[in-house]
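Visitor: So that we are looking at the same thing, I have put the structure below in structure tokens.
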Amino acid sequence: MVSEHAAQVLVASNRGPVSYTRRDDGTLDSKRGGGGLVSGLSAVDDKLWVCAALSDGDREAVRRGVSEPGVRMLDIDAAVHADAYNGIANSVLWFVHHMIYQTPVEPVFDAEFRRQWASYEAYNQAFAQALAEEAGEGAAVLVQDYHLSLVPGILRELRPDLRIGHFSHTPWAPVDYFRLLPDDIGEQLLKGILGADRAAFLTRRWADAFIGCCTEILGGTGRTRIGVHGLGADAEFLRRRSREADVDERMEILREQVGADRRTIVRVDRTELSKNIVRGLHAYRALLEERPEWRERVVHIAFAYPSRQDLAVYRDYTAEVQRVADGINAEYGTAGWTPVLLHVDDDFARSLAAYRLADVALVNPIRDGMNLVAKEVPVVSDQGCALVLSREAGAYEELGEDALVVNPYDVSATAAALHEALTMEPGERSARSKRLADAATALPPQQWFLDQLDALRS
Ligand code: F6P
């Protein structure tokens with residue numbers, strides 16, 4: 001049944017714009033999140049965001065009927081959600097699209113995988129059902145990411161009147177790698193997305209890979225249109241927010257930790273395997289080893305914020321990052337110099353402070369849908385920064401000309417690029433940084449979202 005307050009624009013994503021935690025006195029504390037979709041959607045009226053309850057606090061909020069205007073949180077059975085999110089989305093689909101399986105031993109698609117897949121279907125079904133209830137006649141529904149690949153197909157059956165879009169925030173795997181998935185599952189995923197009127201991606205490369213999979217496996221993309229929308233950094237927000245007092249305070253603390261007259265190499269990531277943090281640290285170690293003139297003269301500020309810690313593989317990677325950073329500090333550190341400043345407690349104001357201090361930004365993912373850090377640092381950095389950028393990040397398509405581009409597996413080449421970045425002549429560095437900032441902000445989040453809406457409705 002269609003709700004009487006039916007919305008005209010709906011967004012569906014696993015993680016929503018708000019989360020709840022239970023305070024000791026039993027009341028609920030709500031926290032609003034950020035990101036491209038949150039700013040993008042702020043430009044639109046008459047909207048509803050459908051998302052999943054992710055924690056006990058969220059589930060409690062749903063049970064008590066606590067909600068933010070314009071948000072519907074779905075209390076999907078916790079075990080079903082865990083199978084779909086941890087089991088399928090983050091252990092299988094994330095690994096396929098980022099091509100990070102250790103293929104001689106994994107993946108293994110067995111009875112346990114099939115059990116989790118049934119949960120992924122049920123979770124997608126719950127989203128489609130809620131969207132079918134909430135959408136007004138002919139409404140636009142924008143479904144986000146690999147968590148919800150089956151939603152467009154199911155929703156199309158339930159509500160043929162809707163305009164349905166699907167947006168992938170990740171890379172898309174080339175067909176030979178996508179074929180690691182069992183044949184019926186690969187087909188189901190592609191057909192699910194092709195239930196949309198329009199399937200969109202962050203870069204041409206990922207869109208072409210999707211078309212390649214559809215062509216090889218299904219014979220084509222059918223009636224679904226394919227689009228590309230390269231989300232940019234939100235210059236206005238970043239410039240204002242990075243000048244606030246809490247950021248200034250953190251800059252003072254970081255300056256003290258770095259020490260006077262030292263250069264900085266900055267990275268900020270969720271600690272997640274595709275980000276390639278460990279190889280980045282090895283490259284920094286190689287720089288100190290092969291170019292001893294940098295010892296005592298540079299500090300690597302590495303913020304690696306824990307992510308998806310329910311999964312052992314992500315916990316192990318987090319521990320490895322810590323181990324390698326500690327090893328560099330033990331090997332090269334002196335009484336007055338800590339070569340790696342690794343922070344793992346998530347603090348947005350401190351990330352912005354690091355952006356402002358950056359002489360060099362290191363962004364070296366194995367594969368990445370876009371990577372907004374690469375776009376944000378040049379916008380915020382006080383004195384203009386050099387960017388060492390992986391050619392496998394989506395951002396490479398827009399920033400490749402003015403970045404120092406690296407193969408993310410090549411530790412020696414990354415070390416050489418760090419040296420080149422640190423020694424770049426100031427005039428060239430600031431000219432490149434300015435061009436990087438211009439390219440990075442060409443498509444601000446609100447425009448990015450409105451473009452998708454227009455294209456879906458046209
Ligand atoms: O890159 C895909 C993505 O879903 C992003 O949109 C999001 O920032 C990130 O992964 C976060 O993942 P999670 O919700 O698992 O923490």
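The values are calculated or read from the model by the stated rules, or taken from the named source; none is laboratory data. Worth saying up front: this structure is predicted, and the values here are computed from it rather than measured. Note: ideal-geometry Cβ built from the backbone for every residue, glycine included; neighbour counts use all protein chains shown.
Visitor: Does any residue of the range 302-323 turn out to be over 25 Å from the mean Cα position of the chain (by Cα) and aliphatic (A, V, I, L, M)?
Guide: no
Visitor: Additional query: Given (1) of a type in the set (S, T, N, Q); (2) over 30 Å from Phe348 (Cβ atoms); (3) within 16 Å of the ligand (Cβ to nearest atom), where does Thr224 come up short, assuming only one miss?
Guide: With respect to (1) of a type in the set (S, T, N, Q); (2) over 30 Å from Phe348 (Cβ atoms); (3) within 16 Å of the ligand (Cβ to nearest atom), Thr224 is out only on (3).
Visitor: Could you check the range 90-107 and list, in sequence order, the residues that are within 16 Å of the ligand (Cβ to nearest atom), aliphatic (A, V, I, L, M) and out of contact with any Leu (no Cβ under 9 Å at 6 or more places or on another chain)?
Guide: Met99
Residue by residue, here is whether (1) within 16 Å of the ligand (Cβ to nearest atom); (2) crowded, with 24+ Cβ neighbours inside 10 Å; (3) farther than 23 Å from Leu41 by Cβ; (4) not assigned by TED's automatic domain parsing to the domain that holds Val44 holds:
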| site | (1), (2), (3), (4) |
| --- | --- |
| Tyr120 | yes, yes, yes, no |
| Ala135 | no, yes, no, no |
| Pro171 | yes, yes, yes, no |
| Asp184 | no, no, yes, no |
| Leu194 | no, no, yes, no |
| Phe201 | yes, yes, no, no |
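Visitor: So, one more: Can you tell me which residue in the range 170-202 is nearest to Phe95 (Cα to Cα), limited to those that are among the β-branched types (Val, Ile, Thr) and touching a His at 6+ places or on another chain (Cβ under 8 Å)?
Guide: Looking at the filtered set, the residue picked out is Thr170.
Visitor: Does the range 205-216 contain any residue that is surrounded by 21 or more Cβ atoms within 10 Å (Cβ to Cβ) and closer than 19 Å to Gly34 by Cβ?
Guide: no
Visitor: Same structure again: Can you list the helices (runs of 4 or more DSSP H) lying wholly within the range 340-458 that have 3 or more residues being in contact with a Lys or Arg (Cβ under 7 Å, 6 or more places away or on another chain)?
Guide: 348-357, 411-422, 445-457
Visitor: Any residue that is among the hydroxyl-bearing types (Ser, Thr, Tyr), surrounded by fewer than 22 Cβ atoms within 10 Å (Cβ to Cβ) and farther than 17 Å from Ile277 by Cα - is there at least one of those in the range 415-427?
Guide: yes
Visitor: In addition: Checking the condition modelled with pLDDT under 95 and away from the ligand (no atom under 16 Å from the Cβ), which residue from Asp75, Asp46, Asp110 passes?
Guide: One residue alone meets the criteria, Asp46.
Visitor: Look through the range 1-13, keep the residues that are surrounded by 21 or more Cβ atoms within 10 Å (Cβ to Cβ) and more than 22 Å from the chain's Cα centre (by Cα), and return whichever of them is modelled with the lowest pLDDT.
Guide: Among those that are surrounded by 21 or more Cβ atoms within 10 Å (Cβ to Cβ) and more than 22 Å from the chain's Cα centre (by Cα), it is Ala7.
Visitor: Next question. Kindly indicate whether Ala196 is within 24 Å of Leu37 (Cα to Cα), in contact with a Pro (Cβ under 8 Å, 6 or more places away or on another chain), small (Gly, Ala, Ser) and not in a helix (DSSP H, G or I).
Guide: yes
Visitor: Another question, then. Starting from the range 295-308, take each residue that is more than 13 Å from Gln257 (Cβ to Cβ) and list its partners that are among the acidic types (Asp, Glu) and within 16 Å of the ligand (Cβ to nearest atom), counting only C-beta distances under 6 angstrom and pairs at least six apart or across chains.
Guide: What qualifies is Ala304/Asp269; Tyr305/Asp346; Ser307/Glu272.
Visitor: While we're here: Can you tell me which residue within the range 25-43, out of those that are in a loop (DSSP other than H, G, I, E, B) and within 14 Å of the ligand (Cβ to nearest atom), is nearest to Leu453 (Cα to Cα)?
Guide: Ranking the qualifying residues of the range 25-43, first place goes to Gly35.
Visitor: Could you please let me know if Asp110 is among the acidic types (Asp, Glu), more than 28 Å from Asp45 (Cβ to Cβ), in the same structural domain as Leu194 (by TED's automatic domain parsing) and free of Cβ contacts under 8 Å to residues at least 24 places away in the same chain?
Guide: Spelling it out, Asp110 is indeed among the acidic types (Asp, Glu), more than 28 Å from Asp45 (Cβ to Cβ), in the same structural domain as Leu194 (by TED's automatic domain parsing) and free of Cβ contacts under 8 Å to residues at least 24 places away in the same chain.
Visitor: Scan (1) without any contact (Cβ under 8 Å) to a residue 24 or more places away in the chain; (2) surrounded by 20 or more Cβ atoms within 10 Å (Cβ to Cβ) for the single condition Val96 breaks and write down its number.
Guide: So Val96 meets the others, but not (1).
Visitor: Does Arg59 fit the bill of being over 26 Å from the mean Cα position of the chain (by Cα), away from the ligand (no atom under 16 Å from the Cβ) and either part of a helix (DSSP H, G or I) or at pLDDT 95 or above (or both)?
Guide: Criteria not met by Arg59.
Visitor: For the subset of the range 14-36 comprising residues that are touching a helix residue (DSSP H, G or I) at 6+ places or on another chain (Cβ under 7 Å) and modelled with pLDDT of 90 or more, which member is surrounded by the most Cβ atoms within 10 Å (Cβ to Cβ)?
Guide: Applying the filter and picking the extreme gives Tyr20.
Visitor: Go over the candidates Ala349, Ala312, Ala374, Ala304 one by one and state the one that is within 16 Å of the ligand (Cβ to nearest atom) and more than 23 Å from Ala421 (Cα to Cα).
Guide: On inspection, the qualifying residue turns out to be Ala312.
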